[in-house]
Each structure stands twice: as structure tokens, then as C-alpha cells.
1. Direction-averaged shadow area of the convex hull around the Cα atoms of region A:186-255, nm²?
2. Could you give the spread of the C-alpha atoms of region B:2-41 along their three principal axes, from largest to smallest, in whole angstroms?
3. Kyte-Doolittle mean at least -1.0 and Cα extent at least 18 Å along the axis: which DSSP H helices of chain B qualify?
4. How large is log10 of I(q)/I(0) for region B:144-293 at q = 0.10, 0.14, 0.15 Å⁻¹ when the intensity is taken from the Debye formula with one equal scatterer per alpha-carbon?
5. Using a simple charge model, +1 on the beta-carbon of Lys and Arg, -1 on the beta-carbon of Asp and Glu, nothing else, what dipole does chain B show about its Cα centre, in debye to the nearest 20?
6. With +1 on the Cβ of every Lys and Arg and -1 on the Cβ of every Asp and Glu, and nothing else charged, how large is the dipole of the protein assembly as shown about its Cα centre, in debye rounded to the nearest 20?
7. Among B:P196, B:P228, B:P67, whose mean-square fluctuation peaks in a Gaussian network model of chain B (Cα, cutoff 10 Å)?
8. For region A:1-134, with equal point scatterers placed on the C-alpha atoms only and solvent neglected, what are the log10 I(q)/I(0) values from the Debye formula at q = 0.10, 0.12, 0.18 1/Å, to two decimals?
Amino acid sequence: MTNELNYILESKNVNVYYGELHALKDINLKIQKNSVTALIGPSGCGKSTFLRVFNRMNDYIDSFKIEGDVFMEGQNIYDKKVRVDELRKNIGMVFQKPNPFPKSIYENVAYGLKIQGIKDKEFLMDRVENSLKQAALWDEVKDDLKKSALALSGGQQQRICIARALAVEPNVLLMDEPTSALDPISTAKVEELINELKEKYTIVIVTHNMQQASRVSDNTAFFYMGDLIEHAKTEDIFRNPKKERTQNYITGRFG
Amino acid sequence: MKKRRLEYFIELILKACAVVTILTTIGIIWVLLSESLTFFKEVSIKDFLTDTEWTPLFAKKHFGILPLISGTLLTTFIAVCVALPLGLVIAIYLSQYAPKRFRKIIKPLLEVLAAVPTVVYGFFALMVVTPFLQNLIPNMAGFNALSAGIVMGIMIIPFVSSLSEDALQAVPKSLKNAAYGLGSTRFQTSFRVMVPAASSGIIVSVILAFSRAIGETMIVAIAAGQQPRLTANPLVPIETITAYIVQVAKGDVPHGTLEYRTIFAAGITLFVFTFILNNISFWIRKKYREQYD
Ligand SMILES: Nc1ncnc2c1ncn2[C@@H]1O[C@H](COP(=O)(O)OP(=O)(O)OP(=O)(O)O)[C@@H](O)[C@H]1O
Ligand SMILES: [Mg+2]
């Protein structure tokens, strides 16, 4: 029973279809609270699809169909009663390509709070500052909060997107290859950030970079063609994987 | 050998078409300019721009263009007030809410609005809208700016809605995902992210609709009256630049007289307006393209 509380997200017998394509096959996986879980696997194996299952971003894809149950803190998030906009205030997402709004830095970070109806200027400014600090961007932009977010570098834009997601203080942060468009220095910054963030947040991150997975994550799930092959502590997956497929993948024997 | 000669021939025809178009444009501008220059030898530009009466066909002649400009702007303003909110709401609905299949039916239906002959709209304004409005506003005149403007607004709805919809569709999908990902409702996504991101395209659509309304002739000639009047009152007869040009061109004013030349002065005024508007929209579009590249 006490063990149960340590899990914030759980997928139970989840099957996902895009039309005829069976993209996720009977996935059972629990995600530990205040940990970083890495989703790895070859291209097209369903990592992004699985990530989007948790904040229901697949719902906008016409051919998408899901079977099974997904729980967040005991609540079935695919229940008809659940409002997706409320759900997503608890589960933030950072996308592969930085996607700041064509608005100022301040407006970007404050957006999630403003749509919740918060108008208190001081409160907003506080949150914006804190979020930018957490995203390790404050020092670079503090004199220029009115500048368009589009005028920043790619790495800075991605950290804006992280700050924007953090500003609403979600419980979970989903990150889909957040560093794939970044240079090594920005990547290092984001990874450092992930390590700090797990104090407060639960993070699920998709990555193609094995070193990154081993550097930032506590647990790793390996997907292959829609199947969850192996899910364990990251060091176990990388030191002595139980399945041959996992072994082959992490040692780079197939792509 | 034969093929090559054919191709040369085709190229020649295409070139000729292009040259004819350019020559026509130059010709039109030249006639407009030279006739207006003759006009402005007799009437000072100052009188033209500041006199508040336009009575070139009366015994006591005044050549102030302001009443015609006010008539034009009044009907245009009413038209844009109708077309902007309706067109924008339609565009948002079609691009953000409507199922694909529904959109495919509605879009061509909307374009029909732009395909109706304007003379039909004119009669519609005069015979249907005006009597209807007179029930609500008893002291409204039979010819007035309001009905003409409203009907013109309906006519230009598809300009606003289809160009605005294109602008909304052109907003990168990643922005929509970002908005939804942060817990925005569909309404918030539409109005806080999509519309602002598409704003330059939407503004362009409105300017083009504006420019179309300024040049519109038939509806205002039929339903707005032929009484040049410097007023902002939409309930009384007025005259627009275009309606005046029609009045003189189809009337019995002898060619070559000062009275006749007034239509070129009026025409060049109209040309200046639409030219400026088109340039503004061109400039915005250019800027906007740079933003997304
Ligand atoms: N919108 C969609 N419509 C139809 N099929 C899709 C859609 N998105 C993904 N798929 C399919 O679902 C499968 C899993 O895709 P997904 O994007 O989840 O893989 P991935 O592991 O994230 O790959 P990558 O590493 O390349 O990002 C693929 O076969 C893909 O073609
Ligand atoms: Mg992916």
C-alpha cells in the first residue's frame, strides 16, 4: 500500500492504434514520483505516442484510438468526467522543437497562469522570475523580458518553453527529445536542469541519446516496435539488461 | 525544328499578353493623370480638397471632393463593421472548430457570396434591407448609406473569412500544441494564440476587403443615393466617388467639358486610396513572411 503512493502515473494494458497501425501493444508501466524516467528505443517504436498518452495530446489525431486505462494519482485520465485542460495544468509538456509563442519572454512564461485567470501583476512577475531561474535562463534575459521570445537562440527558446511549462507548477513534466535541436552547451544546461527539477517534479523524457538517458534518468523503459521490452532502474538497464534486444540497442548493434 | 518554332510562337504570344496588360495600365494612369491635370488648371487643388460642397453639375458650381470621400468612407466603414466580425468568426470557426467534412461544404458556399452579381446586391439593399430597416428606424430615407453599407459588408465577408482562414491555417501547428499543452481550452487557443499569431494576415484580409468596398460601385449607386453630402449620418442619402462617376459617365454631360473632367479628378482620388491600401497590405505581407522564415 505505501508502495502504491510512490507512483504518480500508471498505464494499464494500454493499446494505441492509428487507424490500422497498432502503435502501442499492451503497455503496463508505472512511473515513480519525483524521479526521471527515460523512454528509449529505435525511431517509430512509439515513444512519443506513449508520452502523449499521459497528457492526451494524441486526442487531436483523427485516426487515434486508445484501449486500456491510464491513471494519474489514482484518477483515470481517460474518464469522460476528466477535463483535458485541467489535466494538462498538472502535466506539462516540452516539445522536441522549441515552440515559444510569438510574444514577449514575459508573456510566454506568464501565459499558462493568465489563461487560468490570474491577473495579480506581482504574483505573475514572481512566478515568471522563479520559473526563469529554475530554467537557468533568468540571468540571460532578466533585463529584456519585453523582448520577443523568437529573437532568442534555439537553446534559450527551449529553456523558455521549459520555464513556461514550469510556471503553472505541474506535477509531471513530459519532455519529448528536448535537447535534440540544441548544441552541446545548451544540452548540458538542460540536463543539469532536469537533475535539479526532479526534487519537485516527476519527469518523463524521450531521448535517442544513450549517454543522456544514463546521465539524467533514474529509470529507463526500452520500447521496440510498439512493445515495452524492458523497464528497470537505469543502471541495471545499462549494466546488465535482461533482454537481448535491449542489450543490442544500447550497445548500438541496431538502430 | 517544327516544335522549336511552335515554342517560339507561344513565347511570343505570352510576351504580347504581358505587354498589353502593362500598356493598358500605363494608358489608364496616363489618361487619369492628364485629364485631371487639365481639371486642376481650372480648379485649384486647395478648393478641391477643402471645399465642403460638390455641385459641379449645378449652376453654382462647387468642386469640393470631401462629400464624396465622406460618402465613400461612410459606406465602406459600415461594410467593414459588418464583414470584419462576421468574417473573422467564420474563419475561426472553420479553422479551429469545424469538422473537416463540414468545412468542405461551407467554404464554397461562402465563396458564392462573392460571386453574386453586385447589381443583385444593390437591388437587395434597396428593395429588402431598406424597407426592413425603415420598420425599425422610421425616419430613415429610401436611399441611405446604412443599407448599402450592410449589404456591401455581406458581399465582402468571403474576402475576410477566406484570407483570414488561410492566415490561421498558416500558423505553425507547434504553436497550437504549445497552447493545448499548457491547458488552454479551444477558445483560449483560438483567441490568445492563433488569432494574434495570424494577426498580420487578418489585417491584410481586412485591408483588401476595405479596398474592395471603396471601389464597389453598383450597390452604392443603386441604394445609397446621389446626393453628395458631408455627413456621418448613415440614414440620409449620400453619394460615393464611384456612384458619382457612374452618374456622370452615363449621363448627358458633354465630353471635354470641365463637368466631364470631374470624373477623372474623382477617379484619381479613388485610385490614390486603393493604391495606398494595396501598398500597406503588400508591406504587411512582406514583413509577415519574413517573420516565419
Ligand atoms: N499522427 C500520426 N498518425 C498516424 N500514425 C502515426 C502518427 N504519429 C505516429 N504515428 C505512427 O506511430 C508509430 C509510433 O510513432 P512515434 O512518433 O510514437 O514514434 P517515436 O518512437 O517517437 O519515433 P521517433 O524516435 O522517430 O520520434 C510510428 O509507426 C508512426 O508512423
Ligand atoms: Mg518521437
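1. 5.0 nm²
2. 58, 8, 5
3. Helices meeting the span and hydropathy rule in chain B are B:2-42, B:66-92, B:100-115, B:145-169, B:199-215, B:258-292.
4. -0.51, -0.80, -0.87
5. Using Cβ point charges on Lys, Arg, Asp and Glu, chain B gives about 1380 debye.
6. That gives a dipole near 880 debye.
7. Result for chain B, Cα springs under 10 Å: B:P196 fluctuates most.
8. -0.43, -0.61, -1.15
Computed from the coordinates by the stated procedures, all read-outs in this text should not be read as laboratory data. Since the model is a prediction, treat every value here as computed from it, not as a measurement. No Cβ is skipped: glycine too gets one built from the backbone with ideal geometry, and neighbour counts run over all protein chains shown.
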